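Below: the structure, in structure tokens.
The values are calculated or read from the model by the stated rules, or taken from the named source; none is laboratory data. Just so it is clear, the structure is predicted and the values come from calculations on it, not from any experiment. All Cβ positions, glycine included, derive from the backbone under ideal geometry; neighbour counts span all protein chains shown. All accessible areas refer to the heavy atoms of the entire protein, side chains included, with ligands and DNA or RNA removed. Shrake-Rupley method; radii C 1.70, N 1.55, O 1.52, S 1.80 Å.
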Amino acid sequence: MTATVDDVGAAASTDGQSALTVNNLWKVFGPRADKIVGSPEADLSRADLLAQTGCTAAVRDVSFEVSPGEVFVVMGLSGSGKSTLVRCLTRLIEPTAGQVLIDGEDVVSMSDTRLRELRRHHVSMVFQHFGLLPHRKVIDNVGYGLEVRGTSKADRRSRAQEMVDLVGLSGNENAYPDQLSGGMQQRVGLARALAVDPSILLFDEPFSALDPLIRRDMQNEVIRLHHEVGKTMVFITHDLSEALKLGDRILIMRDGALIQMGTPAEVVATPADDYVRDFVSEVPRSHVLTLAWVMRPPRPDEALTGPEMAPDTIVRDAARRVIDAADPVKVVDNGQLLGVVDQDDILRVIVAEETPS
């Protein structure tokens, strides 16, 4: 079920089963920022809060949980608070209130020593601006985190070479950053983040500065790398198509607050409000909705002899098989019949997305 601003408070927990748990996180900028949380002013709109107190709530009481190996996307327009949120996760920006639990340990209360260890060993970040060291070769940029950690030169060179190969930069080990294209430089950033073998990768709009074709290639690269290395990923973007392509789940923010959280299909099928509805209005529904969203109970007179498909099959991917089948396709999960889909169910989705609203 999709989560909205009304019920998201129960979405996060502290059971230690998640890779990342965020509970009631706030970041307030301005004078007496620490006095805002829990006060009547905390309920004011962003504009009214600024006018009355001089403070801005960049992140407002946000809670969510990320499962191990999940790609969790946070999206929103400029100023929604998404980049501030991701920086709070490792205290690049200090949260005003709340908890950030990584593997059950609260980042907010960590000592400086423990926080440095977390950043060096467990969490890596990939930024929009690549942050490569211009005077160092690719192989040395990739191995920089290991160097800071104190890894021997031989070991870090070996590990760096593995990561260079993994991200498709073999043969460019001795190039300098200014000799590479933007997409290649971002691959170096990915390799550097992966080299320290983190448990969580944080991406802060990493592809925003790239042209559309390179951006698409890099999105595909993230998908490929996720399949190969299985890391937990938190990905920040303002681009809905990017969020839908990459995310197992999506959290949508506005004015620092969580507006909706759910799978791509949930967000597209059941937008929480007009803000989200506007976001998803031009998304081809057949590219996002799954059979679970279009299936129906079988009618008494229908033969249940058609082929079987999984409920998470995308409508677009299922369309040809459903249309060609003589009988309705059975939607089956773990041997249990959940419903059926016929060509009318499929065409209803496709026709609807081609009809002007």
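Could you tell me the convex hull volume per residue, in Å³, taken over the Cα atoms of region 149-245? Numbers along the way, then the final one.
On the way: hull volume 10.5 nm³, N = 97.
It is 109 Å³ per residue.
Which ³J(HN,Hα) values in Hz, rounded to whole numbers, follow from the phi angles of region 121-128 under the Karplus curve 6.51 cos²θ - 1.76 cosθ + 1.60, where θ = phi - 60° and Gly and Pro get x?
Residue by residue, region 121-128 yields 10, 10, 10, 10, 10, 10, 9, 4 Hz.
Hey, rough spin-label estimate for Arg114 and Thr270, points 7 angstrom out along Cα→Cβ, what's it come to in nanometres?
Placing both labels 7 Å beyond Cα along the Cβ direction yields 3.8 nm.
Under the rule of at least 5 residues apart or a separate chain, name every residue whose amide H is placed under 5 Å from the amide H of Ile236.
Result for Ile236 returns Val74, Phe203, Asp204, Glu205.
Would you mind giving the average projected area, over all directions, of the Cα convex hull of region 69-111 in nm² with one decimal?
Details: hull surface 15.2 nm².
That works out to 3.8 nm².
Suppose every K and R has +1 on its Cβ and every D and E has -1 on its Cβ; what is the size of the dipole of region 89-132 about the Cα centre, in Debye to the nearest 20? Mind showing how you got there, number by number?
Values: 5 positive and 6 negative charges, 37 e Å.
Dipole magnitude for region 89-132 comes out near 180 debye.
Taking the chain as the reference, fit the longest principal axis to its C-alpha atoms, fit the long axis of helix 153-166 to the helix C-alpha atoms, and give the angle between the two in degrees, 0 to 90, nearest 10.
The angle comes out at about 30 degrees.
Beyond 21 Å, how much of the Cα-Cα pair distribution for region 254-325 remains, as a whole percent? Walk me through the numbers on the way to the answer.
On the way: 1012 of 2556 pairs.
More than 21 Å apart: 40 percent of the Cα pairs in region 254-325.
Once you charge only the Cβ atoms, +1 for Lys and Arg and -1 for Asp and Glu, what is the size of the charge dipole of the chain about its Cα centre, to the nearest 20 debye?
Working: 37 positive and 52 negative charges, 285 e Å.
I would put it at about 1360 debye.
So what's the angle, to the nearest 10 degrees on a 0 to 90 scale, between helix 182-195 and the longest Cα principal axis of the chain?
The answer is roughly 80 degrees.
Between Asn174 and Ser45, what length comes free when the chain is fully extended (0.36 nm per residue of separation minus the Cα-Cα distance, one decimal in nm)? Can you show the working numbers first?
Working: separation 129, 0.36 × 129 = 46.44 nm, distance 5.24 nm.
Full extension of this stretch gives 41.2 nm more.
Past the 30 Å Cα-Cα mark, which pairs from Lys82/Lys231; Lys35/Lys82; Lys82/Lys153; Lys82/Lys137; Lys153/Lys245; Lys153/Lys231? Each step should come with its number before you reach the end.
Working: Lys82/Lys231 21 Å; Lys35/Lys82 23 Å; Lys82/Lys153 37 Å; Lys82/Lys137 32 Å; Lys153/Lys245 38 Å; Lys153/Lys231 25 Å.
Correct reply: Lys82/Lys153; Lys82/Lys137; Lys153/Lys245.
Once you treat every alpha carbon in the chain as an equal point and sum by Debye, what is log10 I(q)/I(0) at q = 0.07, 0.08 Å⁻¹?
Cα-only, vacuum Debye calculation for the chain: -0.37, -0.47.
For region 51-93 and region 259-274, write down the distance between their C-alpha centroids in whole Å.
Between the Cα centre of region 51-93 and that of region 259-274, the gap is 18 Å.
Per the 1.4 Å probe, what fraction of the accessible area of the chain, in percent, lies on carbon and sulfur atoms?
Details: 8080 of 16650 Å².
Roughly 49 percent of what the probe reaches on the chain is carbon or sulfur.
Can you compute 3J(HN,Hα) from phi for each residue in region 291-303, using the Karplus curve 6.51 cos²θ - 1.76 cosθ + 1.60 with θ = phi - 60°, rounded to whole Hz and x for Gly and Pro?
Taking θ as phi minus 60°, the curve returns 4, 4, 8, 10, 5, 9, x, x, 7, x, 8, 8, 7 Hz for region 291-303.
Net charge near Pro307: determine it from the other residues with C-beta under 13 Å of the C-beta of Pro307, scoring Lys and Arg +1 and Asp and Glu -1.
Working: positive: Arg320, Arg321, Lys330; negative: Glu308, Asp324, Asp327, Asp342.
In short, -1.
Averaged per residue, what accessible area in Å² does the chain show with a 1.4 Å probe, protein chains only? Please report the intermediate quantities before stating the final value.
On the way: 16650 Å² over 357 residues.
I get 47 Å² per residue for this part.
Along the positive direction of the dipole of the chain (beta-carbon charges: Lys, Arg +1; Asp, Glu -1; about the Cα centre), which of Thr263, Gly104, Met184 reaches farthest?
So the residue we want is Met184.
Which Cα, out of Ala195, Leu85, Gly54, lies furthest along the positive dipole direction of the chain (beta carbon charges, K/R +1, D/E -1)?
Final value for the positive-end residue is Ala195.
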